[in-house]
Each structure stands twice: as C-alpha cells, then as structure tokens.
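A short worksheet on the structure shown next.
The values are calculated or read from the model by the stated rules, or taken from the named source; none is laboratory data. All figures in this text were calculated on a predicted structure; none of them were measured in a lab. Cβ: placed from backbone, ideal geometry, glycine included. Neighbour counts: every protein chain shown. SASA here: full protein model, heavy atoms, side chains in, ligands and nucleic acids out. Shrake-Rupley method; radii C 1.70, N 1.55, O 1.52, S 1.80 Å.
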Amino acid sequence: MAFDLGEYLTSRSLVVNEALQRFMPASDSFPPVLREAMLYSINAGGKRLRPILTFAAAEAVGGNLDLVIPAACALECIHTYSLIHDDLPVMDNDDLRRGKPTSHKVYGEAMAMLAGDGLLTHAFALLAQQSLGRVPAERVLQAIGEIALAAGPQGMVAGQAADILSERGKLNSKPEAVLHFIHAHKTGALLSASVRAGAIIAGASIDQLKALTKYATLLGLAFQITDDLLDVCGEETKAGKRVGKDAELGKLTYPGLYGIDESLRKNQELLQAALLQLSWFGREADPLRAIAEYLVKRDH
Ligand code: GRG
C-alpha cells in the first residue's frame, strides 16, 4: 500500500501537540502570563517539521516512538523560541507569524523575550527529565549535547548572527560563502539535530546514523532554498507571514544570488541526493522519503 504522508503528518502532530501541553510546567509554578506567552507561540500552528523528522528518523531505524517524544518536544520548543526572538523589532521586526500576531505584538517585547528564553531552557529540562530512566543515559546525554551544539553559538545562533551582520553590510566574505554559512547554521543545524536525535535515542548503528546525517544535511539546504523561493513567489495567506521581506531587508538568498531556475534545479538535485542516502533502508524509511518530497514541493 502507498504511504499516506497526510495521515502520517496528522497523527505525529497530534502526538507532539499533546505531549507539548503535558510537559509544560504547572500553571502555579511561575507567572501565568509567561506560561501563557510560551503556550501562545507553541499553539499558534506550525508544521511541526522538526519533531516529525525526529519521529521519522527513529522509525527508520526500528525505534520505539514513545521514547523519542521528549526529544521531539524539545526541538519544537527550541524552534519556537528562535521564531519568537527572530520576530522581535531588534531582529526581523515581524508582525505576523504562523498566521497570528507575533509574540511581542501580543505580550510586549520583554515578555516575548522571556517566553523565548523560557522555551529554550524548558526544552533541555524536559528532555532530561522525561528521558532519563527510560532511555540509556549515554544516548540521552549525546542527544542533549548535539541539540545544544546545533542550537547554540556554533549552530543556529551563529547563523542568525551572520544573517544580521550580512544584512547590515558587516561581513566581508564572498556572498556565496556567507549564504552557505547562514543556511547551514541558521536552519540546517537544527534540522540535522532533529534527525540525529531521533536516530541516536532509538539506537541507530554508526552506518545508519551516517546515512541519516547526510540525508538531513541535504534536506536542510533544500528546505532553505524552498523557503527563499517562497519569499519570492509564495502567497502571504498560505505562508502565514509577510512575503517579499528578504529582498526588502537586503538578505542574501539562493534565488537572489543564483536566480529562480537555478534554485529550482538545485532543489531537485538535493532531493535526489537525499533520497539516495535512504536507499540503504526499507519501507520503514518511507516517512523520511515522503517528507523530503513534500518539503521541496510545498507551497507554504
Ligand atoms: C533568534 C537565535 C535565533 C535564531 C533564529 C530559525 C531562525 C533563527 C529564524 C527564522 C527565520 C526564518 C524565516 C528562517 C527561514 C527558514 C525557517 C526556519 C522557517 C521557519 O520554519 P518552519 O517553516 O516554521 O518549519 P513553522 O512555523 O512551520 O514551524
């Protein structure tokens, strides 16, 4: 029977959405407005791509889905924090995210920053608390270390810093090199960590982990090129955010540097290369295959 991606995305989103609420600290443990702001952004929608990749990678190596739920939730909390901070006036200054007013528009800048900080640190607390005792400790520690590295100053934070410096004309390197650095760090690192964390916690072999890491790196770049293309050709109502903003801000983008046709061609090449990495796996990697196709062809 053909693999049904729609059903897969719906069922795995339900799992992560339910767990995100369950793992949130109790309402009497900290100021209610902070909790409300954290939940506002978590519940604002979103594709749940990172948690779904964590589930799909665990399933590709025959792992138990239940055991990777904390890692999946941690990755969504970190991703959501990054969006809240990215939207702040001091960064991209966006009013709309996931089709709703951004956190600082609803809660003010101070509370939006704190909601982001709260989600980032909560991610690691929940990952440790919910996994230790159920998953071998060395796997949990490796996953925590890798996620922290991918989110931090050698990963997503570095990518964001380079993006901002480049926008302000403060980076002297070649535009192609800067763009590659930004894409690999700002979005690629956390996407790779999402795949690797699922595989590590599920007990992947070294060879499986190697192939899945290559798949994730190729997919991360394709995802980002698609995102750049959608900012040029996408529809605002489908995107749930303003489009055309990259050019306005003078951001380096793939279509901006290489043109739309070359970006589309490159995306197909990356997709085929990512799928090739999965030729080692059987039907249990069908979710990863279908996700790759979907991400390259998506319209939002
Ligand atoms: C503030 C440290 C810090 C980092 C921010 C991820 C990021 C870094 C900024 C987001 C800005 C942006 C539009 C990046 C391009 C690709 C991207 C990450 C899009 C948003 O991710 P999706 O499409 O979003 O998975 P949803 O809402 O579906 O979860």
Open item on the list: Given Cβ point charges of +1 (Lys, Arg) and -1 (Asp, Glu) and nothing else, what value in debye, to the nearest 20, does the dipole of region 19-70 about its Cα centre take?
Closed with: 160 debye
Task: region 152-167 versus region 1-20: alpha-carbon centroid distance in Å - done: 32 Å
Task: Å² per residue, accessible surface of region 78-199 at 1.4 Å - done: 45 Å²
- [ ] May I ask which of LYS47/LYS266; LYS170/LYS210; LYS100/LYS266 have a Cα-Cα span longer than 27 Å here?
- [x] LYS170/LYS210; LYS100/LYS266
- [ ] Over the chain, calculate the relative contact order: mean separation of alpha carbon pairs under 8 Å at least 6 apart, over the residue count, as a percent.
- [x] 22 percent
Task: Tensor-based shape of region 108-196 (alpha-carbon gyration tensor, a/c under 1.5 rounded, otherwise prolate or oblate) - done: oblate
- [ ] Taking H placed 1.01 Å from N in the peptide plane, check which residues at least 5 places from ARG97 or on another chain put their amide H under 5 Å from its amide H.
- [x] THR102
TODO: Just tell me, in residue order, which DSSP H segments of the chain are both 24 angstrom or longer along the helix axis (alpha-carbon based) and at least 0.5 in mean Kyte-Doolittle hydropathy.
DONE: 69-87, 109-131, 206-233
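Which values, in whole Å and largest first, are the semi-axes of the equivalent ellipsoid of region 27-92 obtained as the square root of 5 times each eigenvalue of the Cα gyration tensor?
Taking √(5λ) for each eigenvalue gives 27, 16, 8 Å, largest first.
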Task: Residue-span extension gain [ARG168 to TYR258] - 0.36 nm each, minus C-alpha spacing - done: 30.3 nm
- [ ] Can you tell me which of 149-161, 48-60 comes out highest on packing, and rank the rest after it, using the mean Cβ neighbours within 10 Å?
- [x] 48-60, 149-161
TODO: Using only C-alpha positions, report the orientation-averaged shadow area of the convex hull of the chain, nm², one decimal.
DONE: 15.0 nm²
Open item on the list: With 14 Å as the cut-off, how large is the P(r) tail for region 74-152, expressed as percent of Cα-Cα pairs?
Closed with: 63 percent
- [ ] Sort 107-116, 79-88, 18-27 for me by packing, meaning the mean count of neighbouring Cβ atoms within 10 Å per residue, highest on top.
- [x] 79-88, 107-116, 18-27
TODO: Might you report the magnitude of the Cβ-based charge dipole of region 69-154 about its Cα centre, with Lys and Arg at +1 and Asp and Glu at -1, to the nearest 20 debye?
DONE: 340 debye
TODO: Kindly identify region 164-300 as rounded, prolate or oblate by the Cα gyration tensor criterion: order the square roots of the eigenvalues as a ≥ b ≥ c, call it rounded if a/c is under 1.5, otherwise compare a/b with b/c, prolate if a/b is larger, else oblate.
DONE: prolate
TODO: Could you size up the charge dipole of region 106-252 around its Cα centre, putting +1 on the beta carbon of Lys and Arg and -1 on that of Asp and Glu, and report it in debye to the nearest 20?
DONE: 300 debye
Task: Residue-averaged [θ]222 nm for the chain, counting only DSSP H segments that reach four residues, each worth -39500 (n - 2.57) - done: -22000 deg cm²/dmol
Open item on the list: Out of the total accessible area of the chain (probe 1.4 Å, heavy atoms of protein only), what percent is carbon and sulfur?
Closed with: 58 percent
Open item on the list: Using the basic label-point model (7 angstrom from Cα toward the beta carbon), what is the ALA137 to HIS180 distance in nanometres?
Closed with: 4.1 nm
- [ ] Tabulate in residue order the Karplus-calculated ³J(HN,Hα) for region 250-255, using 6.51 cos²θ - 1.76 cosθ + 1.60 with θ = phi - 60°, rounded to whole Hz; enter x for Gly and Pro.
- [x] x, 6, 6, 9, 5, x
